[in-house]
């Protein structure tokens with residue numbers, strides 16, 4: 001009798017699996033693409049962590065990586081939150097792609113695979129949930145960037161997506177999320193709650209609003225301390241999982257915008273009396289007046305008095321930091337900017353203590369640190385990280401992501417991960433060289449700008465002064481970006497459309513850049529390489545065109561690439577080579593590979609017949625011309641040439 005409930009649950013689980021009920025929430029799936037089998041990340045895996053109706057569940061990139069890893073392949077998994085995912089950029093400008101570009105230049109003797117398993121609005125619980133699963137796929141290293149979302153990210157202490165504050169319970173529920181019975185129960189609860197109007201996300205709400213709206217957390221409060229303790233425990237376990245699987249792991253410190261992002265929610269300490277609050281307001285107004293008159297020292301003096309009245313009021317720290325920076329006291333300014341960030345009661349940026357936790361845990365566990373915090377400070381005037389490297393409060397701009405990827409690569413190299421430290425060819429991967437090879441185009445930059453304009457126009461941002469002006473409304477770029485933002489076209493189609501417009505304008509360099517961007521992200525597809533070859537040919541660069549056609553064939557053995565390479569040889573008078581490519585194309589057609597349109601095959605037969613005619617092989621010339629006419633009776637060129645043969 002005691003076993004009956006368990007038997008029932010097992011039977012129900014089996015029945016649900018046979019019926020393919022629910023979602024496949026495995027992190028890695030297998031797929032067939034471009035003529036091969038691959039591993040791919042499951043774009044729907046984010047459903048493990050989000051259950052509210054109407055919420056836009058963050059998706060993983062559907063990256064492909066080798067099913068059978070080759071001996072010379074070095075595979076790195078990136079784990080983390082939206083910064084590691086690359087928001088607001090896609091594909092070519094993400095830290096994974098920029099890291100792969102740099103590492104491939106540093107270690108040309110290897111094939112570098114960098115797989116981005118990060119997603120927006122998650123935290124260290126997600127990293128812990130995923131790292132053991134990813135360890136099954138032969139990683140050579142993990143790189144982790146996590147910590148900003150410990151309060152409001154899914155499963156955070158103040159998140160609307162939470163199983164409560166008990167860490168053990170949260171881990172247990174995560175382990176059960178792939179069980180079909182649990183999915184059934186979750187869906188029943190969701191349907192019941194939705195019917196009562198309890199859990200539906202607000203219309204048009206951003207993830208920030210859904211997960212964190214109006215949930216302030218004072219510095220040092222019970223919730224703050226719990227988040228910090230949970231983060232430390234998760235980080236220790238994350239490192240422990242990697243070490244148990246004998247996979248090197250690098251953990252990064254966190255960077256954020258301290259100079260140009262004012263506190264989202266400055267608030268008084270509950271213990272500050274009304275009379276002190278009144279004096280604080282008077283001092284802040286006096287400081288603003290003094291600053292308006294250019295009396296920066298006087299303003300700083302007033303603000304120091306305001307800080308003394310309530311050390312947790314983030315606004316006075318921020319204003320004081322601005323005055324000190326203007327006075328040239330960058331050390332003092334940095335300290336106050338950091339205090340303003342740490343005392344911000346709306347915790348979308350990790351406090352400095354979280355970097356302290358990262359450094360302490362990594363020191364205790366002898367784990368390499370990629371010190372992004374220090375790298376960003378070193379690259380900023382006066383050590384004050386702002387819009388020079390950040391888009392808004394914490395997401396890097398393109399220069400920032402270049403620096404973040406460089407910081408990861410430096411940590412891998414310095415610790416002899418992937419290869420011995422002396423095997424890294426640092427001179428070959430200068431910042432300028434990496435930037436040239438990054439294949440990021442104005443389209444990628446404008447997409448990022450568009451997303452930031454949308455983000456900073458919403459809660460909790462107080463103004464849109466940070467917003468970047470859009471591209472001209474009548475420009476081709478603007479049109480493509482808007483349709484991409486509305487999901488009318490996919491990323492590769494957007495690049496191809498822009499490339500077509502550039503070709504029409506005879507702007508071949510710009511067209512090649514668009515095709516190259518797609519080729520760098522999807523190198524195993526022939527199409528972008530082939531189109532790049534077409535652009536080079538139109539530009540009169542036959543050798544470069546040939547190299548691209550051969551690259552297309554290496555990527556995916558398409559008849560279209562063979563035909564183009566053959567035509568290039570035909571026009572160059574290399575008749576033997578042209579015939580070889582044309583014959584290869586016909587052989588692949590007969591083998592049932594990618595099929596060409598009959599009219600295209602007729603044209604191919606015409607040029608093959610013409611090539612044989614040039615070599616004096618009349619029989620083969622006549623045969624191919626006859627086949628051309630048979631396939632397409634409207635092929636006048638083939639008819640005319642055939643008529644000239646006795």
Restricting to region 34-49, and then to whatever is in a strand (DSSP E or B) and at pLDDT 90 or above, can you tell me which residue is farthest from residue 75 (Cα to Cα)? 37
Residue ID - nearest to the chain's Cα centre (by Cα), chosen from residues in region 486-502 that are under 21 Å from residue 455 (Cβ atoms) and surrounded by 15 or more Cβ atoms within 10 Å (Cβ to Cβ): 491
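Conditions tested, residue by residue: (1) more than 29 Å from residue 78 (Cβ to Cβ); (2) touching a helix residue (DSSP H, G or I) at 6+ places or on another chain (Cβ under 7 Å); (3) modelled with pLDDT of 95 or more.
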site: 231; (1), (2), (3): no, yes, yes
site: 237; (1), (2), (3): no, yes, yes
site: 257; (1), (2), (3): no, no, yes
site: 280; (1), (2), (3): yes, yes, yes
site: 285; (1), (2), (3): yes, no, yes
site: 296; (1), (2), (3): yes, yes, yes
site: 320; (1), (2), (3): yes, yes, yes
site: 329; (1), (2), (3): yes, no, yes
site: 332; (1), (2), (3): yes, yes, yes
Are any residues in region 342-361 over 21 Å from residue 153 (Cβ atoms) and in contact with a strand residue (DSSP E or B) (Cβ under 9 Å, 6 or more places away or on another chain), and if so, which ones? 359
Starting from region 150-162, keep only residues that are on the phi > 0 side of the Ramachandran plot, then list their pairs with residues that are assigned to a loop (DSSP other than H, G, I, E, B) whose Cβ atoms are within a distance under 8 Å, requiring at least 6 positions of separation or different chains. 155/49; 155/122; 155/123; 155/161; 155/162; 155/163
Out of (1) at pLDDT 95 or above; (2) under 30 Å from residue 232 (Cβ atoms); (3) touching a helix residue (DSSP H, G or I) at 6+ places or on another chain (Cβ under 8 Å), what's the single condition that is false for residue 139? (3)
Might you let me know whether region 343-351 holds any residue that is assigned to a helix (DSSP H, G or I) and surrounded by fewer than 21 Cβ atoms within 10 Å (Cβ to Cβ)? no
In region 611-646, what count of residues is obtained for those that are assigned to a helix (DSSP H, G or I) and in contact (Cβ under 8 Å) with a residue 40 or more places away in the chain? 1
What about residue 402, is it in contact with a helix residue (DSSP H, G or I) (Cβ under 7 Å, 6 or more places away or on another chain) and either part of a helix (DSSP H, G or I) or surrounded by fewer than 22 Cβ atoms within 10 Å (Cβ to Cβ) (or both)? yes
Hey, among the residues in region 52-83 that are crowded, with 19+ Cβ neighbours inside 10 Å and touching a helix residue (DSSP H, G or I) at 6+ places or on another chain (Cβ under 6 Å), which one's farthest from residue 37 (Cα to Cα)? 55
Part of a helix (DSSP H, G or I), surrounded by 15 or more Cβ atoms within 10 Å (Cβ to Cβ) and in the same structural domain as residue 40 (by TED's automatic domain parsing) - does that describe any residue in region 422-435? yes
Among 452, 512, 468, 489, which is within 20 Å of residue 397 (Cα to Cα), outside the structural domain of residue 65 (by TED's automatic domain parsing) and either in a loop (DSSP other than H, G, I, E, B) or at pLDDT 95 or above (or both)? 468
Selection within region 521-561 - closer than 18 Å to residue 436 by Cβ and at pLDDT below 95: 521, 523
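The values are calculated or read from the model by the stated rules, or taken from the named source; none is laboratory data. Quantities reported herein were computed from a predicted structural model and do not represent experimental measurements. Cβ atoms come from the backbone with ideal geometry, glycine included; neighbour counts cover every protein chain shown.
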